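Peer 1: One structure follows; several queries about it will come next.
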Ligand code: ZN
Ligand code: FE
């Protein structure tokens, strides 16, 4: 285990109906991941007396990039983001395997390509802290919709994230957890870890608390989209006629995603 940089912490900035924007800071300097709303970020920076040093983006949807123009105008900071997701205004274009160095925070983030939700979507992993910022790819209890990519791409992307250390904290971009877990419970009605999780997360929401960050270990135990190869999940897909006997792993995952698209 590498030593943890204890000077770094994270602010959760809620925005719109259900987005979370993330500020990483050391009490003085800060970077922001997916600033969909500049006003919310500027307010949080002001409240905590932080200087913005960089913007990091995961994908091109407006609830993730909508605040970039104003923040750049006000703070004149570099913008890091995916090379291949059609975002204008990026001056550090990133691809899989790149390392982002943030000198002001003495931190490094590894870039992981996670196509699926969009084709150029990337995630940022901070090994020193075991933090993952994954935009709309892996959610607490679920995964992003396939707006651009294929089921095979998304399955592969999620497998890369699931391979990160168990204790990795997952900072996803939306509070979708309770509705995701309702679906998860339909997929695995007998999953005890899932049942316990539902109670726990309901308690957090009842108290107005976020359910994010989540943890890779918990996701592997309860998120159906990381469990599409489990016999319990395949048996349920079969029982409901959503796959055939000889379907392959990608078809299982595709059937699961399709089921969720139509689940309410
Ligand atoms: Zn999105
Ligand atoms: Fe989003």
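Peer 1: Ranked by Cβ crowding within 10 angstrom, fewest neighbours first, how are 133, 263 ordered?
Peer 2: By the 10 Å Cβ count, ascending, the order reads 263, 133.
Peer 1: Helix 177-187 versus the longest principal axis of the chain: what angle, 0 to 90°, nearest 10, using Cα atoms?
Peer 2: 20
Peer 1: Using Cα atoms only, what is the angle between the long axis of helix 192-206 and the major principal axis of the chain, expressed in degrees (0 to 90) to the nearest 10?
Peer 2: Orientation of helix 192-206: about 40 degrees from the principal axis.
Peer 1: Using just the C-alpha positions of the chain as equal point scatterers, what log10 of I(q)/I(0) does the Debye formula give at each q in 0.07 1/Å?
Peer 2: -0.24
Peer 1: In the chain, what percentage of the DSSP-assigned beta bridges are antiparallel, given to the nearest 5?
Peer 2: Working: 27 of 41 bridges.
Of those bridges, close to 65 percent are antiparallel.
Peer 1: Evaluate 2.2 N^0.38 Å with N set to the residue count of the range 1-89, then give the Cα radius of gyration divided by it. The partial results should precede the final answer.
Peer 2: Values: Rg = 12.9 Å, N = 89, 2.2 N^0.38 = 12.1 Å.
Relative to the rule-of-thumb radius for its length, the range 1-89 sits at 1.07.
Peer 1: Once the range 163-206 is represented by equal point scatterers at the alpha-carbon sites, with solvent omitted, what log10 I(q)/I(0) does the Debye formula produce at q = 0.15, 0.21 Å⁻¹?
Peer 2: So the normalised log intensities work out to -0.45, -0.83.
Peer 1: Where does helix 151-162 land angle-wise versus the long Cα axis of the chain, in degrees 0 to 90, nearest 10?
Peer 2: 70
Peer 1: Sort 61, 92 by Cβ crowding within 10 Å, fewest neighbours at the top.
Peer 2: If I rank by nearby Cβ atoms, fewest first, I get 92, 61.
Taken together, the values in this text are just the output of simple stated rules run on the coordinates, not laboratory data. Every value quoted in this text rests on a predicted model; they were computed, and no experiment measured them. A quick note on method: Cβ atoms are made from the backbone with ideal geometry, for glycine too, and the neighbour counts reach across all protein chains shown.
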